[in-house]
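Before any comments, here is the structure.
The values are calculated or read from the model by the stated rules, or taken from the named source; none is laboratory data. Please read all numbers here as calculations on a predicted model, not as lab measurements. Positions of Cβ are generated from backbone atoms using ideal geometry, with glycine treated the same way; all protein chains shown enter the neighbour counts. SASA here: full protein model, heavy atoms, side chains in, ligands and nucleic acids out. Shrake-Rupley method; radii C 1.70, N 1.55, O 1.52, S 1.80 Å.
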Amino acid sequence: MSEAQPALVRQWRLLRLLSARPEGVALREMAAAVEVSQKTIRRDLGLFQRVGFQLHEIVGSRGMKLWRIGPHGGQIPLGFTFDEALAMYLGQKSLLRSLAGTMIAEAAERAFGKLRAAFGPKVVRYLERMHGLFVETAFGVTDYGPHAEILDRLMIAIEEHRVVFIAYRSQRATEPVTYDVHPYRLLRHQGSLYLVGYKPLDSAVRTWRVDRIEQADVERMPFSVPTDLELDAHFVGSLGIYEGHDDVAVTLRFRPPAARFVQEKKWHSSQRLHPQRDGSLIAELRLSSTAELKPWILGFGPAAEVLQPPSLREEIAADLQQMLTAYAAATHQPPAPNEPRKTRTIRKKGGASRAERSDTTHPDDA
């Protein structure tokens, strides 16, 4: 028996089991599935009834007593099983955080309102406790509230296959550039939304970050989506959303503890990971672009090293040299106007002392 497992985790497992078995579940079967005693199961069922879950004790075949969650044999009026509805409700904070103020968030909020009404206030209060089990950080998440109108227009253009005229300011640009786009789909990557579409000016499929689109006007002119379009295949050689046309074989060495971290995740469909006896890891990737690979490698600091190709190794070395130069220069800069100046004590004859102001700071003075 595993009575020590967190109560909310155990209760979530129990609710999933009840939802998946509309014909009912015996007490001893619930206890075996959740790995606790029947006494604990009875306490959990009593709790579910008190907070408002519609639980029914019925008599099954051969006179066996079974428990069933309702209404409608595990189905709530919206057509979801109970655990499906619970999972959707618990995921609302993650969905609404970055899309607040947009048409998607407004529609999602209406859907969650229906779920709350179907559950009832007592069940909703119980579910709020479960939110603590599923926490997502907000680090790097983009707020699309200020871009709600542009996002709405893009969705209309995608749905109706209409050309959209955008003003786009790339990361390095000082002014936006305007042109027509055939929008295909929206893609979410690392907390940000991207528009994927065809750019007639370049005769190629391109990607645009939605929060960098400063204007979007849906035109009357329709466009046709190519019948052989496979956007998933378009990004197959990418480490994220940057498409490329090269075929680059990359070999990396990761030192502990980064090696274990890399082993725990799926980074790319082509990855081949080879653990070494010294605890390091050799990783092999085959990519069409290294644009997103460089910042990923640099993020590991000295724990990651490029072995192949030599050109990428040289690029990383050059970037590191620039960083080193910038940091070295910073240690010799004079203090900012509002920064307190360092002082040093100078002894006078007779043991008296005074503080002398220093306009510059040398490393040896620290």
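Just a few scattered comments:
- Taking the range 61-79 as the range and being surrounded by fewer than 14 Cβ atoms within 10 Å (Cβ to Cβ) and at pLDDT 70 or above as the test, the residues that pass are 61, 62, 63, 64, 65.
- Put simply, of 53, 82, 48 the only residue that is surrounded by 15 or more Cβ atoms within 10 Å (Cβ to Cβ), modelled with pLDDT under 65 and among the hydrophobic types (A, V, I, L, M, F, W, C) is 82.
- The listed residues are 255, 272, 260, and the only one of them that is over 18 Å from residue 314 (Cβ atoms), of a type in the set (D, E, K, R), under 22 Å from the mean Cα position of the chain (by Cα) and open to solvent by 80 Å² or more (accessible area, probe 1.4 Å) turns out to be 260.
- Members of the range 178-193 that are surrounded by fewer than 16 Cβ atoms within 10 Å (Cβ to Cβ) and touching a residue at least 24 places away in the same chain (Cβ under 8 Å): 178, 185, 189, 190, 191
- Some residue of the range 179-190 being in contact with a helix residue (DSSP H, G or I) (Cβ under 6 Å, 6 or more places away or on another chain) and within 30 Å of residue 279 (Cβ to Cβ): no
- Restricting the first member to the range 55-67 and to residues that are free of Cβ contacts under 8 Å to residues at least 40 places away in the same chain, and the second to residues that are assigned to a helix (DSSP H, G or I) and open to solvent by 80 Å² or more (accessible area, probe 1.4 Å), the beta-carbon pairs closer than 7 Å and six or more apart or on different chains are 55/49.
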